[in-house]
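Quick one: this structure, given as structure tokens, is what I'll be asking you about.
The values are calculated or read from the model by the stated rules, or taken from the named source; none is laboratory data. Worth saying up front: this structure is predicted, and the values here are computed from it rather than measured. All Cβ positions, even for glycine, are placed from backbone atoms using ideal geometry, and neighbour counts span all protein chains on display.
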Amino acid sequence: SLNGVCFSSAVVPSIKLRSGLDGRCGGLSSAACMDGRGRLCKVTRSATEILLRLKIPQNMDGYRRAPPPAAAAASAASVLGDDDLLREIFIRLGFPNCLVRAALVSQRWLLNASDPAFLRRFRERNPPRVLGVCAGYSVRPFKFVPLPQPPELAALSRRAASSCAYAFARGGQRIEHCRNGRLIVESLRKGTFKHSVLAPLLYGEPEAVLPPIPPPRRHPQELTQGSFTQIFLPEDGGREGITLVNLWKVQREVRAEVYVLGAAGWGVPTTAITEIELQYAATFFAKMLPPVHGKVFVVTGFGYTLGLDLATATFVMLQLPAGVRYNYMLSSAEGSGIYLVTVDRFQLSVWLHRMAGDNHGAGGWLLVDTFSVLEACARLAGDSWVPCEYLNVAAVGDNADFVFLDHPSSGVIFYVHLSSRVVKMVYQRTADEHECRSVAVRISPVMTIWPPIFPALNIGHDQEGIVRAVRSLDRR
């Protein structure tokens, strides 16, 4: 089952494998595996040879010597026939796309790589990576800003950049939502705003234009103190379960309509209504945050956030930690918990709320971490730094893994990996964006897809299927 699958000669001598065996694909080198006509070639260095390196004995001088043929066969069988050892090697590949390439070797490798229990372990050790961000100001079109990547992810990053550049050049005005490699983009075409789903990381998936969005069913004479219409991808980022939310406030009353896109269109909405407590009657809705655990939350500026459960169309009021008003984003935590990431001047803080039972008060928040980013931001911005004590929380990752911060005065976007406290500058406002100095940037991180999409192969009976799968990976 290993015939036709090539591994490079850059082999590590122990089981502590790092990312890819060949520095690009985690074990499969498609260029070496095919001749000019796309046929599988004779292996130059097979997987057997590489895994044997783990067991080759040494002579008295410390140099490796080849084992006798019988010992080599037994050693190969002991390694390649051990699923536990195989999974330990897989988990050290480091990147989902490398795992997919390794799964092309045989059906047994595919079954091991795609096992749900193994994938949970793989994600814990190798969480999804940020390939880049789609950044844009309200007066400018979006652009894809790549983040520095290891060689294994370079092709994915280039594909995302190319696909996004093509889409935005055709009139992409705003990104409604980005999740797991897909984006919902609002575009102005022939004088009409349209919405479509793009998949810059999925080769061959065409753009899907969404049906026209239904307007809110409210009385035209009603004076609203906040109104939102937004479209969201489901938690898994798929195309099934896209949700439209219309939400508005009239005096103390808040109303919402939730549509779910089906085969016949948007269908009949579920509705929700609640009344804000008298002490919060002057609440003004500032913005609607992306869904967390199936709930959207509205920033109010009054020390609480109003949540809407998209599945049950019910409201929940969640008190915020003391001192938190506008400048925060929410992120999913394990179970049903929620992280809150906020910045006060340059002091970045991470809070956790377990969301257990009906405890939605401010006392349910636990301060997980807090530190200053002033020195790092000023140093990275260099001559572009303009002293100003305001940093905007622009985007945050799942499990509060990272946060993007916007410093409008300097026109700089920073990336902060929260657990390691590493700060990087990822974008500097260009000269033609000078008029955006006072405008907050909109950030949509583009992540590697999870879980990986494994090709359906029948090794030994469908070698052309292997060729097609490897070519498809090379295009991604």
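In this structure, is Val316 closer than 17 Å to Ser420 by Cα, surrounded by 15 or more Cβ atoms within 10 Å (Cβ to Cβ) and in contact (Cβ under 8 Å) with a residue 24 or more places away in the chain?
Spelling it out, it is not the case that Val316 is closer than 17 Å to Ser420 by Cα, surrounded by 15 or more Cβ atoms within 10 Å (Cβ to Cβ) and in contact (Cβ under 8 Å) with a residue 24 or more places away in the chain.
If a residue counts only when it is under 20 Å from Met329 (Cα atoms), more than 27 Å from the chain's Cα centre (by Cα) and not aromatic (Phe, Trp, Tyr), which strands (runs of 3 or more DSSP E) contained entirely in the stretch 223-314 have at least 1 such residues?
On the way: elements: 227-232, 243-250, 253-260, 270-275, 295-299, 304-309.
Strands (runs of 3 or more DSSP E) meeting the threshold: 227-232.
Can you find a residue in the stretch 214-223 that is of a type in the set (A, V, I, L, M), surrounded by fewer than 18 Cβ atoms within 10 Å (Cβ to Cβ) and at pLDDT below 85?
Yes, there is a match, as at least one residue in the stretch 214-223 is of a type in the set (A, V, I, L, M), surrounded by fewer than 18 Cβ atoms within 10 Å (Cβ to Cβ) and at pLDDT below 85.
Taking the stretch 326-341 only, how many residues are farther than 15 Å from Ala394 by Cα and either under 16 Å from the mean Cα position of the chain (by Cα) or not in a strand (DSSP E or B) (or both)?
6
Next question, about the same structure. When you go through Ala155, Ala161, Ala167 one by one, which is the residue that is out of contact with any helix residue (DSSP H, G or I) (no Cβ under 6 Å at 6 or more places or on another chain), part of a helix (DSSP H, G or I) and either of a type in the set (S, T, N, Q) or over 25 Å from Glu235 (Cα atoms) (or both)?
Ala155
Select from the stretch 333-345 the residues that are at pLDDT 95 or above and in contact with a helix residue (DSSP H, G or I) (Cβ under 7 Å, 6 or more places away or on another chain) and list them in ascending order.
Tyr339, Val341, listed by residue number.
Return the total of residues in the stretch 186-215 being out of contact with any Cys (no Cβ under 8 Å at 6 or more places or on another chain) and assigned to a strand (DSSP E or B).
Of the residues in the stretch 186-215, 12 are out of contact with any Cys (no Cβ under 8 Å at 6 or more places or on another chain) and assigned to a strand (DSSP E or B).
Tell me, which residue of the stretch 241-269 that is in contact (Cβ under 8 Å) with a residue 24 or more places away in the chain and touching an Asp or Glu at 6+ places or on another chain (Cβ under 7 Å) is farthest from Val299 (Cα to Cα)?
The extreme case among them is Pro269.
Scan the stretch 416-430 residue by residue and report those that are of a type in the set (S, T, N, Q) and either within 14 Å of Asp369 (Cβ to Cβ) or in contact with an Asp or Glu (Cβ under 8 Å, 6 or more places away or on another chain) (or both).
Quick first cut of the stretch 416-430, residues of a type in the set (S, T, N, Q) only: 419-420, 428, 430.
Correct list: Ser419, Ser420.
While we're on this one: Of all residues in the stretch 411-456 being in contact with a helix residue (DSSP H, G or I) (Cβ under 9 Å, 6 or more places away or on another chain), at pLDDT 90 or above and among the polar types (S, T, N, Q), which is nearest to Leu110 (Cα to Cα)?
Step by step, filter the stretch 411-456, then rank; the result is Thr448.
Does any residue of the stretch 331-338 turn out to be in contact with a Phe, Trp or Tyr (Cβ under 7 Å, 6 or more places away or on another chain) and either within 20 Å of Tyr415 (Cβ to Cβ) or in contact (Cβ under 8 Å) with a residue 60 or more places away in the chain (or both)?
Yes, the stretch 331-338 has at least one match.
Looking only at the stretch 368-407, filter to residues that are part of a loop (DSSP other than H, G, I, E, B) and touching a helix residue (DSSP H, G or I) at 6+ places or on another chain (Cβ under 8 Å); which one of those is nearest to Val133 (Cα to Cα)?
Restricting to residues being part of a loop (DSSP other than H, G, I, E, B) and touching a helix residue (DSSP H, G or I) at 6+ places or on another chain (Cβ under 8 Å), the top hit is Leu391.
Among the residues of the stretch 369-396, write down those that are among the charged types (D, E, K, R) and either surrounded by 14 or more Cβ atoms within 10 Å (Cβ to Cβ) or at positive phi (or both).
Passing the criteria: only Asp369.
Output the residues belonging to the stretch 169-212 that are free of Cβ contacts under 8 Å to residues at least 40 places away in the same chain and polar (S, T, N, Q).
Within the stretch 169-212, Gln173, Ser187, Thr192, Ser196 meet the criteria.
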